[in-house]
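See below for the structure under consideration.
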Amino acid sequence: LSSSACVSIPHASASLDAEAKRFAPPPPGKAAVYVVRPSRMVGAAVALSVLVNGQHVGATGSCTYLYLPIEPGPTVVSTMTGESLSKVEFVAHADSTYFVAQEARMGLVAARAQLTLVSAQEGRPSVQGCTRVESQSVTKP
């Protein structure tokens, strides 16, 4: 799956956006991950696909984020374009929340993407400044 095109990404409802920005603990027995793409001039018009454990869960655009309840355990969050594949790997613990920053950069022919696992101190303000987009549920492998 390579998704790097100038497309409109469906935003989640205002109530779901507000709910995610309360940073409440994830559902019982689950972990949560926010994939946030802060506003940048470079690559702003490009949609970047996001996968969790190989499953496509949505796409981000400039100044958007995904909120995903996930199963605890080994977790791989990845994004790819025609020129790059970036991933972060971590062990998700129940009742814990993780933040992954996604950045788009200029490539030779297409955008390049970079993912970084960041602290809540860095991730929360980025989420607050962005808008939640629709996502698909992460299912068990």
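The values are calculated or read from the model by the stated rules, or taken from the named source; none is laboratory data. These figures come from a predicted structure and were not determined experimentally. FYI the Cβ positions are ideal-geometry reconstructions off the backbone, even for glycines, and counts take in every protein chain you see. Heads up: the accessible areas ignore ligands, DNA and RNA and are worked out on the full protein's heavy atoms, side chains in. Shrake-Rupley method; radii C 1.70, N 1.55, O 1.52, S 1.80 Å.
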Original post:
What number of residues in the range 102-123 are small (G, A, S) and modelled with pLDDT of 95 or more?
Top reply: 3
Original post:
Do any residues in the range 7-22 that are in contact (Cβ under 8 Å) with a residue 24 or more places away in the chain have Cβ atoms under 7 Å from those of residues that are open to solvent by 70 Å² or more (accessible area, probe 1.4 Å) and not in a loop (DSSP other than H, G, I, E, B), where the two are at least six apart or on different chains, and which pairs are they?
Top reply: K21/Q128
**OP:** Starting from the range 124-141, take each residue that is at pLDDT 85 or above and list its partners that are open to solvent by 80 Å² or more (accessible area, probe 1.4 Å), counting only C-beta distances under 8 angstrom and pairs at least six apart or across chains.
**Re:** T131/H11; R132/H11; V133/H11; E134/H11
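Condition first: surrounded by 12 or more Cβ atoms within 10 Å (Cβ to Cβ) and not hydrophobic (A, V, I, L, M, F, W, C). Now tell me which residues in the range 117-128 satisfy that. I'd like the intermediate steps shown before the answer.
To start, the set of residues in the range 117-128 that are surrounded by 12 or more Cβ atoms within 10 Å (Cβ to Cβ) comprises 117-118, 120, 122-127.
Matches in the range 117-128: E122, G123, R124, P125, S126.
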**OP:** Go through the range 1-80 and tell me which strands (runs of 3 or more DSSP E), entirely inside it, have 2 or more residues that are surrounded by fewer than 19 Cβ atoms within 10 Å (Cβ to Cβ) and at pLDDT 95 or above.
**Re:** 73-80
